Amino acid sequence: MTSPLRGLLGTDPVVATAGVGLFADALRDQAVAVSEADWQPPMEGTETDLARVMGDPRRVEANATAVARMTASTATLVDVVPAGEALGLEKGSFLHAGPPLTWDRASGPMQGALIGAVLFEGLADTAEEAERQLASGVYEFEPCHHRDAVGPMAGVVSPSMWMYELRDEVHDNTSWCSLNEGLGKVLRYGAYNEEVITRLHWMTDVLGPLLRQAVRSVGSIDITAIIAQMLQMGDEGHNRNRAGSLMLLRELLPGLVTAEGSSSDIAEAVRFSGANEHFFLNLGMPAAKLATLAAHGIPGSTIVTTMARNGTDFGIRVSGTGDEWFTGPALTPEGLFLGDFGPEDANPDIGDSAITETGGIGGFAMAAAPAIVKFVGGDVPFALEATQRMYEITEAEHPVYQVPILEFRGTPTGIDVTKVARTGILPQINTGMAGAVAGTGQVGAGLVTPPAECFPAALASLARAVD
Amino acid sequence: MTTDQPTVVELRRGAYHDSVSLMQVSRAVAGTEGITSAQVAMATELNVEVLTGMGFAVPDGAAANDLVVALRGDSDEAIQAGLAAVEVELAALRAGSRGGGGMGEAPPPRTVGSAARAADATLALISVPGQHAVTETYDAIAAGLSVMLFSDNVSVEDEIRLKDAARGADVIVMGPDCGTALVRGVALGFANVVREGSVGLVAASGTGAQQVMCLLDAAGVGVSHCIGVGGRDLKSAVGGRSTRQALAALADDPQTTSVIVVSKPPDDTVLAEIRSYADDLGLDVHWAILGEGRPDLTAAVESALGSLGASVPTWPVHVAEPDPEGLTRGAGLRGLFCGGTLADEAMIVAAELLSEPIRSNIAHDAALHVGGHERVAGHLVVDFGDDEMTQGRAHPMIDPSLRMERIAAEAADASCGVLLLDLVLGHGAHPVPALELADAIRDARVTAHESGRALPVVVSLTGTDDDPQGYARTAEVLAGAGASIFLSNAAAARHAVAQLEGNAS
């Protein structure tokens, strides 16, 4: 029989302290092992909700279940399909990044991307006409997340665009993401000139069908395995995807080069994919989406399952509060700028790509990617510290995604709303920056956090759900 | 008027430090040459009041999570030097709580759960402000830790929920408002250095447990563990939840052969249930339970010593020289306590000897209740450690300034006939409390004597010679200031009553 109180009276105490430093000192004076928390008051006004949620008898097990499901999820690339077919998206319907949004509140790049998508679908002949139609409310748009899909930056998806289809066989979930257009003037950054629309047509007519053949001929591709490897090769899976892109191309090449099609089309598809350092991002994102989807909808769980931005609002969703969004104004990232662009050119934070951080990579795996720390405005110790700080707000360490320089410690995974509110530490997101004016494209890359108010709002909703 | 001097008041948003650390900062900064007044504190309601009282204008909108730096000096140079000293002291606080910088050094844990996981801790000691304590305690319970919960201002509903959650996880919540615990010789919070032995304590009272521990030590009897349970554990709402767990754990502990349960006045039904629970465990339990008509703690310890086969020693006493003849004597007993149980016991003991009632901020009879800051003409006992007195500031065993001010005020009051004070030594308490208290006693007596009044001062001194402050050394300093000193708090209270006009024995 084990002794009561987990053997408290039979072992020399090792004491964790929070509060008055004098008591920790008094213990050290007695040569007792002490682990002292650098405790700070929680976010303003959260103490009552915190006490209620922390006392929710479902919480501990619900969170354990959530992260167990999150880290046990698989992500396999199984097909490439048009959005209309995959998502049942009708002509005249569009998906976008982030929480729900109306046209009048949409930022420059979001409006630009929607205009581009309308032009691409042939619903309007000019940008002005597209804009009029969009403003008049004739089109439906809703978040990608509402269809279990994700889209980088503006994340605009229209029925004719092709999507990667990923499966989590363990939890029987499917997720989708659009094909990456490369860098520069691209729809996802709100550009919609002829070059952009022409490329989108080529992607629909040539690239999508070739990738479909390639995926179907090589069978399925294990995306979680690529993520695990890329973290050990200097990528963090959000702002650096070089190793992941090469590994993905390596998997696809045998299928691509043997696909039915003109050799010039195949050559262009290979060149296009190989030239894109973020080729893999559009696979890493739906893989993270599958992980967080598996953790979603567990009553009592305080684990964040969505972080997404639409260029105006930043929204989070939490496992235990279902499909309710908790939003605040999106912040503008801080970082480095391309060419002559400066902070005044940057749009507020945009894109579903923060799903990578929600799933335990991206900014949370910053320590794995020392090569880009300058690009996102820091030095190497900063990167190490950033990842380590995230352990303070997460529930688990990922069993498969590991950071070599932290002695292969698992990445911090499963953001806990209560820990964010208690510590005031906000999730660290690595991101690209879109130009504020529609059509500008990418202006830089940097670091950003959610607006703090998302978390007390989510906490209040969790508190209301406690019996 | 000092307010003509250069003054600076700065507000620093969101820069939190605990009240004890800030007190140390304030003291260090006040020692800067040319600084005449310094207060570095969180802008709690109480601290804003204190700052206003010191003549500082605190900016509107200051909230409890904001740090106020308020300095007054005899020159602008002194203010600058003072501000620099503030920076140095605050930086030292930050350095003390960090693991250090450099490549790969982890940032410090920020929650008790994180601190526990970093060190495989077995026990948590939580002393954050009360409104945040529930959250940290749930976190510790979820991490599988028993909790010593020093924080007060925790609601009884939360206490019950926490204790139920703890029992479900097979851990115990010692508290809330638990000042004292001893686990395998490790003192948590306020605890005395006593000899190791076989008597286990279960204490719904912090200073009560310290008194019992020190009496046992003086009688040559040692302690195995002291499990605090919080002052309300034996009230009907809480129903002895932690006491049961503590008794079961001590029953299982091979080192413990008998147990003393120490409590403030409990609920009779709960006490009866606990007695029968202890019988079922087959434990040799002795009871040191405060209350009218019950033996005081000293008598309870004496009775326990008898059944443990130990002899009752002569408890340490020093009786001061009487005040000179011809002085007038006030009629009121003024008991100014830092220890809640000691205050309670003194009140109960004195009430049996006095014909007039005793008013108190911890009175059991609502009709006799007065606020802790209220002054009365008759008998009065104040517990400076009561929740109402500690909101936004440290416990008086750490920060005795409120009581010090009150000692001076009572000394100047013609109705004050005797001062009864407690001083508790041990880990966690002020490292050299005697000098400051002796000065206050000496000043009080001078004040009284100068206005033609006698003012006997009686100190209930709880401690052992092995305490960092030392019982004998402390007693000597206090005796030098003209105070009578008693290890037995009950004896101190009786002696104090005997000093009053008409009660002299």
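Odds and ends about this structure:
- Scanning the stretch B:446-467 for residues that are open to solvent by 10 Å² or more (accessible area, probe 1.4 Å) and touching a residue at least 60 places away in the same chain (Cβ under 8 Å) turns up B:His449, B:Gly452, B:Arg453, B:Pro456, B:Asp466.
- Residue match in the stretch B:470-479 (condition: assigned to a loop (DSSP other than H, G, I, E, B) and open to solvent by 50 Å² or more (accessible area, probe 1.4 Å)): no
- Residues of the stretch A:41-56 that are assigned to a loop (DSSP other than H, G, I, E, B) and open to solvent by 50 Å² or more (accessible area, probe 1.4 Å): A:Glu44, A:Gly45.
- Neighbours by Cβ (under 7 Å, 6+ apart or cross-chain): first from the stretch B:137-152, more than 8 Å from chain A (Cβ to nearest Cβ); second among the hydroxyl-bearing types (Ser, Thr, Tyr): B:Val147/B:Thr137; B:Leu149/B:Thr137; B:Asp152/B:Thr390
- Looking at the stretch A:127-233, the strands (runs of 3 or more DSSP E) lying wholly inside it that each contain 2 or more residues that are of a type in the set (Ser, Thr, Tyr) and within 25 Å of A:Thr305 (Cβ to Cβ) sit at A:173-178.
- Residue that is modelled with the highest pLDDT [pool: residues in the stretch B:105-114 that are facing chain A (nearest Cβ under 7 Å) and open to solvent by 40 Å² or more (accessible area, probe 1.4 Å)]: B:Arg110
- Filter pass, A:Val215 being surrounded by 16 or more Cβ atoms within 10 Å (Cβ to Cβ), modelled with pLDDT under 95 and within 19 Å of A:Leu283 (Cβ to Cβ): no
Condition check ((1) within 37 Å of the chain's Cα centre (by Cα); (2) modelled with pLDDT under 95) across all residues:
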{"site": "A:Ser3", "(1), (2)": "no, yes"}
{"site": "A:Leu9", "(1), (2)": "no, no"}
{"site": "A:Ala31", "(1), (2)": "no, yes"}
{"site": "A:Ala51", "(1), (2)": "yes, no"}
{"site": "A:Ala66", "(1), (2)": "yes, no"}
{"site": "A:Arg69", "(1), (2)": "yes, no"}
{"site": "A:Ala72", "(1), (2)": "yes, no"}
{"site": "A:Ala83", "(1), (2)": "yes, no"}
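- Selection of the stretch B:25-47 for residues being surrounded by fewer than 20 Cβ atoms within 10 Å (Cβ to Cβ) and either under 26 Å from the mean Cα position of the chain (by Cα) or not assigned by TED's automatic domain parsing to the domain that holds B:Asp74 (or both) yields B:Arg27, B:Ala28, B:Ala30, B:Glu45, B:Leu46.
- Some residue of the stretch A:287-296 being farther than 15 Å from A:Met70 by Cβ and in contact with a Leu (Cβ under 8 Å, 6 or more places away or on another chain): no
- Members of the stretch B:1-52 that are modelled with pLDDT of 80 or more, among the hydrophobic types (A, V, I, L, M, F, W, C) and assigned to a loop (DSSP other than H, G, I, E, B): B:Ala43
- Criterion (away from every other protein chain (no Cβ under 14 Å), at pLDDT 95 or above and in a loop (DSSP other than H, G, I, E, B)) met by exactly one of B:Val270, B:Val301, B:Val238: B:Val238
- Out of B:Pro265, B:Pro322, sole residue that is at pLDDT below 95 and in contact with a Leu (Cβ under 6 Å, 6 or more places away or on another chain): B:Pro265
- Residues that are open to solvent by less than 10 Å² (accessible area, probe 1.4 Å) and more than 14 Å from chain A (Cβ to nearest Cβ) within the stretch B:223-235 comprise B:Gly230, B:Asp233, B:Leu234, listed in sequence order.
- Pairs where the first residue, in the stretch B:364-391, is assigned by TED's automatic domain parsing to the domain that holds B:Ala408 and farther than 21 Å from B:Ala429 by Cα and the second is open to solvent by 40 Å² or more (accessible area, probe 1.4 Å) and in a helix (DSSP H, G or I), C-beta under 6 Å, 6+ apart: B:Gly372/B:Glu388
- A:Ala365 meets all of the listed conditions (1) at pLDDT 95 or above; (2) within 19 Å of A:Met153 (Cβ to Cβ); (3) aliphatic (A, V, I, L, M) but one, namely (2).
- Here the helices (runs of 4 or more DSSP H) wholly within the stretch A:372-467 that include at least 1 residues being surrounded by 23 or more Cβ atoms within 10 Å (Cβ to Cβ) and either touching a residue at least 60 places away in the same chain (Cβ under 8 Å) or over 21 Å from the mean Cα position of the chain (by Cα) (or both) are A:417-423, A:454-464.
- Matching residues, the stretch A:113-158, being open to solvent by less than 10 Å² (accessible area, probe 1.4 Å) and polar (S, T, N, Q): A:Ser158
- Looking across the stretch B:115-131, the residues that are within 7 Å of another protein chain (Cβ to nearest Cβ) and open to solvent by 20 Å² or more (accessible area, probe 1.4 Å) come down to B:Ala118, B:Ala119, B:Asp120, B:Thr122, B:Gln131.
- Selected residue (criterion: farthest from the other protein chains (Cβ to nearest Cβ)) from residues of the stretch A:15-40 that are part of a loop (DSSP other than H, G, I, E, B) and either surrounded by fewer than 18 Cβ atoms within 10 Å (Cβ to Cβ) or polar (S, T, N, Q) (or both): A:Ala31
- Scanning the stretch B:425-466 for residues that are basic (Lys, Arg) and in a helix (DSSP H, G or I) turns up B:Arg442, B:Arg445.
- The stretch B:315-352, subset part of a helix (DSSP H, G or I) and of a type outside the set (A, V, I, L, M, F, W, C), residue farthest from B:Thr462 (Cα to Cα): B:Glu352
- Filtering the stretch A:57-71 to residues that are facing chain B (nearest Cβ under 9 Å) and not in a helix (DSSP H, G or I) leaves only A:Pro57.
The values are calculated or read from the model by the stated rules, or taken from the named source; none is laboratory data. What you are looking at is a predicted structure, and each value in this text was computed from that prediction instead of being measured. A quick note on method: Cβ atoms are made from the backbone with ideal geometry, for glycine too, and the neighbour counts reach across all protein chains shown. Only protein heavy atoms, including side chains, enter the accessible area calculation; ligands, DNA and RNA are left aside. Shrake-Rupley method; radii C 1.70, N 1.55, O 1.52, S 1.80 Å.
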